[in-house]
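Colleague: Let me give you the structure first, and then I'll get to my questions.
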Amino acid sequence: MKLNLKVNSENKIFDIDVRDTLLDVMRANGYTSVKHGCETGECGACTVIVNGAAVNSCIYPAVKCEDADIITCEGLETNGKLSILQEKFIEMGAIQCGYCTPGMLLSAHALLMKNPNPKLKDVKDALSGNFCRCTGYKKPVDAVMAAAEQMKGAK
Amino acid sequence: MQYIRDLKKYHWPKGPQDAVRLMMQEPCAEIIAGGTELLVSGLKGKEVNNLIDITRAGLSYIKKDKKTIKIGATTTISELQHAPVFKDFADGIISAAAAKFVSVQIRNAATIGGNLGAAMPSSDLAPVLMALDAKIFVCGKENKEFAINGFYISKRKTVMAPCEIITEIELPLACGDDKTGYAFQKIGRTEMDIALVNGAAAITINAGGEVKNARLSLGSVAPNTIRCLEIENNLLGKKLTRELIAAACDNIAKAIDPKTDVRASAKYRGTIAKVIATRLIEEAYIKAGGKI
Ligand SMILES: Cc1cc2nc3c(=O)[nH]c(=O)nc-3n(C[C@H](O)[C@H](O)[C@H](O)COP(=O)(O)OP(=O)(O)OC[C@H]3O[C@@H](n4cnc5c(N)ncnc54)[C@H](O)[C@@H]3O)c2cc1C
Ligand code: FES
Ligand code: FES
């Protein structure tokens, strides 16, 4: 069956099986920033933003995304330039192996879209569904706070 | 991963009656809302050829009138968490329970109807809805209405008949001059994990500080979320003290039936259940204006 949707502001039509999860469909169509982790909604490696809300794509039926507006990590940069959030992750060493990073970035991006002035507890809550097995959580949380600060200045 | 090997067709009913009609007409059909339970552990061993998605069936809303708050079954946990009406209503226990509900990603998809329909003993909403004396509205061949106390009948089973769906949850608004205080508690291994023990309480007192009405519910300590009626009765008509609360909870072992699993032993759950019950009563009593 056909699935019509928007990914990173581009209109797309994907050929899918009714049984596919959103994770299957994203990876099969080249959005490999969407990582395959636990498959049970626990780790957040597969996080994507669907209509403004971060969800676990591994437990999200792809058919639910008809006409949806999706953001993946590929969509965070503009014309080859990384977003402030991505820059801060690099600058502050919030990445080691990087497997959790696309999910972390999208959870943080979804937060900042809704709340450009987050408190520390809001950032911790937003990232609480993203497991990291190497960097830990302090640096990613600090990077999101720093990005929010700089984005305010940039406006 | 193809989440359901036998799935053939995915349906989008326009309303609850339409969903019920599809359930009756399609073989091996299941209701899906957020899918967070269904895709992870809800379909073990079941053959499912048809999924009926009710998230576009007009059941996502929170409405307040003079006497009640009505919550549509497909309202998400995030929507409950952030709804302005739940910031103050019942000392904020609905948004408090929603905020403790795993992660943002799950809260954005998971629904209140799915939470009650899945009938898990660890549900974070069921204890709260029991303390609030919620009603559950169900649509099937006919429309039915159930009190949440009694909605669960055994492990992962509710009073609902096949081909019935939850459409709405109704909460009564407090009336009269008596003051009611509310509390929610959850103990988990981590912030993200499901509850080892959770619970909620609502305690109403009169001007003299005597308990006029009490509701205490506990989760994860029995096959389903339970009301602790004997403890509630022990509190009635009394001005509470720490000693009195401890004595009222003394026989809690009779009310619960905890099990050992990967997360905790039955013994641990039993011990913690008493601690949680005590804390809940104390907190709700103080919030009602009682002095301890
Ligand atoms: C990693 C993880 C952590 C979790 N942590 C928690 C937690 O901390 N607390 C907690 O309470 N739960 C938790 N859950 C369980 C789950 O997310 C919730 O039970 C959720 O509310 C289910 O809602 P849903 O809309 O996703 O249900 P679905 O998965 O769509 O459905 C669940 C079941 O209910 C049925 N159903 C759905 N809607 C209705 C309806 N309107 N009427 C009748 N039947 C219906 C379905 O047929 C299915 O059998 C967790 C799940 C995961 C994967
Ligand atoms: S792969 Fe989806 S949450 Fe882990
Ligand atoms: S950087 Fe390796 S898992 Fe987070």
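Colleague: Can you tell me the 0 to 90 degree angle between the C-alpha axis of helix B:16-25 and the longest principal axis of chain B, rounded to 10?
Modeller: Here the helix axis deviates by roughly 60 degrees.
Colleague: Compute the long axis of helix A:138-154 from its Cα atoms, compare it with the longest principal axis of the Cα atoms of chain A, and write down the angle in degrees, 0 to 90, nearest 10.
Modeller: The angle comes out at about 90 degrees.
Colleague: Which of rounded, prolate, oblate describes the range B:139-292, given a ≥ b ≥ c as roots of the alpha-carbon gyration tensor eigenvalues and a/c under 1.5 marking rounded, otherwise prolate only if a/b is larger than b/c?
Modeller: Values: a/c = 2.09, a/b = 1.19, b/c = 1.75.
In terms of gyration-tensor shape, oblate.
Colleague: Contact order normalised by length for the range B:179-287, with contacts defined as Cα pairs under 8 Å and 6 or more residues apart; what percent is it?
Modeller: Normalised by residue count, the contact order of the range B:179-287 is 31 percent.
Colleague: Estimate the FRET efficiency between B:ASP257 and B:VAL159 by the formula 1/(1 + (r/R0)^6), using the beta-carbon distance for r and 25 Å for R0, to the nearest 0.05.
Modeller: 0.80
Colleague: Pop the C-beta distance of A:LYS121 and A:LYS152 into the FRET formula with R0 = 22 Å and round what comes out to the nearest 0.05.
Modeller: 0.75
Colleague: So, one more: No other cysteine beta carbon under 4.7 Å away is the test; run it over chain A and list who passes.
Modeller: Lone cysteines by the Cβ rule: A:CYS65, A:CYS73, A:CYS97, A:CYS134.
Colleague: Which residue fluctuates the most in chain B, going by a Gaussian network model with Cα springs under 10 Å, if the choices are B:ILE166, B:ILE226, B:ILE106?
Modeller: Of B:ILE166, B:ILE226, B:ILE106, the Gaussian network model singles out B:ILE106 as fluctuating most.
Colleague: I've got another one for you. Taking 0.36 nm per intervening residue step and subtracting the Cα-Cα distance, what contour gain separates B:LYS8 from B:ASN206 on full extension?
Modeller: Going from the current span to full extension adds 65.4 nm.
Colleague: Restrict the search to the range B:131-201; then list the chymotrypsin sites (Phe, Trp or Tyr not before Pro) that DSSP places in a loop and that have at most 10 other Cβ atoms within 10 Å of their Cβ.
Modeller: The qualifying sites: there are none.
Colleague: Angle between the Cα long axis of helix B:266-287 and the longest principal axis of chain B, 0 to 90 degrees, nearest 10?
Modeller: For B:266-287 against chain B, the angle is about 70 degrees.
Colleague: Between B:THR190 and B:TYR268, 0.36 nm times their residue separation minus their Cα-Cα distance comes to what?
Modeller: 26.5 nm
Colleague: For chain B, rounded, prolate or oblate, judged on the Cα gyration tensor with a ≥ b ≥ c (square roots of eigenvalues), a/c < 1.5 rounded, else prolate if a/b > b/c?
Modeller: prolate
Colleague: Here's another thing I want to ask about it. Let me have the relative contact order for chain A, percent, based on Cα pairs under 8 Å that are six or more residues apart. Write out the running numbers ahead of the final one.
Modeller: Values: 271 pairs, mean separation 36.9, N = 155.
Contact order relative to length: 24 percent.
Colleague: How high is the FRET efficiency from B:ASP250 to B:ILE292, r the C-beta distance, R0 25 Å, rounded to 0.05?
Modeller: Step by step, r from the Cβ atoms, then E = 0.90.
Colleague: Could you tell me the center-to-center distance, by alpha carbons, between the range B:15-87 and the range A:1-68 in angstrom?
Modeller: Distance between centres, Cα-based: 21 Å.
Colleague: Which residue, B:GLU168, B:GLU210, B:GLU26, has the most motion in a Gaussian network model of chain B that connects Cα atoms within less than 10 Å?
Modeller: B:GLU26
Colleague: Let me ask another. Roughly how many whole Å is it from the C-alpha centroid of the range B:195-242 to that of the range A:92-155?
Modeller: 40 Å
Colleague: Estimate for me the total accessible surface buried between chains B and A (protein heavy atoms, probe 1.4 Å, no ligands or nucleic acids), in Å² to the nearest 100.
Modeller: 2200 Å²
Colleague: Let me ask something additional. What average number of partner chain Cβ atoms lie no more than 10 Å from the Cβ of the residues making up A:46-59?
Modeller: Mean partner shielding for this stretch: 5.
The values are calculated or read from the model by the stated rules, or taken from the named source; none is laboratory data. None of the values given here were measured: they were computed from a predicted structure. Using ideal geometry, Cβ is built from the backbone for each residue, glycine included, and neighbour counts are taken over all protein chains shown. All accessible areas refer to the heavy atoms of the entire protein, side chains included, with ligands and DNA or RNA removed. Shrake-Rupley method; radii C 1.70, N 1.55, O 1.52, S 1.80 Å.
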